[in-house]
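The structure under discussion appears below in the form of structure tokens.
Every read-out reported here was derived from the displayed coordinates using simple, explicitly stated rules and does not represent laboratory data. Here the structure is a predicted model, which is why all the values come from computation and not from measurement. Note that each Cβ is placed from the backbone with ideal geometry, even for glycine, and that neighbours are counted across all protein chains shown.
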Amino acid sequence: MRILVVLPTYNESATIARVLQKVRESLPAADVLVVDDSSPDGTAKLAFEVADELGQIDVLSRSSKDGLGPAYRAGFAWGLARGYEGFVEMDSDFSHDPADLERIVAPLEQGYEVSIGSRYVPGGSIPDWTTARRLLSRGGNLYADLLLSLKVKDSTAGYRAYAASVLRRIDLDAVRADGYGFQIEMTYRARRAGAAIAEVPIRFVDR
């Protein structure tokens, strides 16, 4: 399965080189697409330099800061046009551990169309969050699940993988939410499209 790891960036010059190196080490067969929203700190320039050094990395430089949702939609469209079969969403600041990439992608190989790196299934954790913040996040996820019948524990999680087949069934141009709302909307649209969804426990580190 041809996998594309999509990394949205904005002012990530402090971490982008190390993240790209760890992603390439953790999932060497995958390609990487950095989607940079015109970072003024030179993130895109650094990404191009690492791409020249490591290979299997492309950089999509956008002209303005449009947000997380549009960045992922642009990355998905770029990859679908080039025949990728699986896509990974992940943060570029080490909130998501690149060492988990194989476990995130594995359900796609087993026939699932969505794999969510979940903080709220057994084995998942958020060690740096206060109890109040955990309760607020869990409450938001429970509310979204009850309202939309998502049938997942962590619909706001940003570390996840999609099969190209489900992205083609989703009207990506119609997705309008951003931030956590983007993840909820994508989960909802994937569920409506009949996708089988797996949840994989992860340790989320707040940066």
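Taking other residues whose beta carbon is less than 9 angstrom from the beta carbon of Pro127, and scoring Lys, Arg as +1 and Asp, Glu as -1, yields -1. Could you point to the residue in Ile57, Leu172, Ala44 farthest towards the positive end of region 3-201's charge dipole, with +1 and -1 charges on the Cβ of Lys/Arg and Asp/Glu respectively? Most positive-ward Cα: Leu172. For region 3-201, averaging the sequence separation of C-alpha pairs within contact (under 8 Å, six or more residues apart) and dividing by the residue count gives a relative contact order of 24 percent. Divided by 2.2 N^0.38 Å, where N counts the residues, the Cα radius of gyration of the chain comes to 0.96.
Mind checking the full-extension length gain between Ala174 and Ser149? Use 0.36 nm per residue of separation minus the Cα-Cα distance, one decimal, nm.
7.0 nm
When shorter helices are ignored and each DSSP H run of at least 4 residues is given -39500 (n - 2.57), the per-residue value for the chain at 222 nm works out to -12500 deg cm²/dmol. Of Ser63, Ser125, Ser155, which is the most mobile in a GNM of the chain whose springs link Cα atoms less than 10 angstrom apart? Maximum fluctuation in the GNM of the chain, among the listed residues, is at Ser63. Overall, region 3-201 carries a charge dipole of about 780 debye about its Cα centre when +1 sits on the Cβ of Lys and Arg and -1 on the Cβ of Asp and Glu, all other atoms neutral. To the nearest 10 degrees, how steep is helix 131-148 against the longest Cα principal axis of the chain, on a 0 to 90 scale? The angle comes out near 70 degrees.
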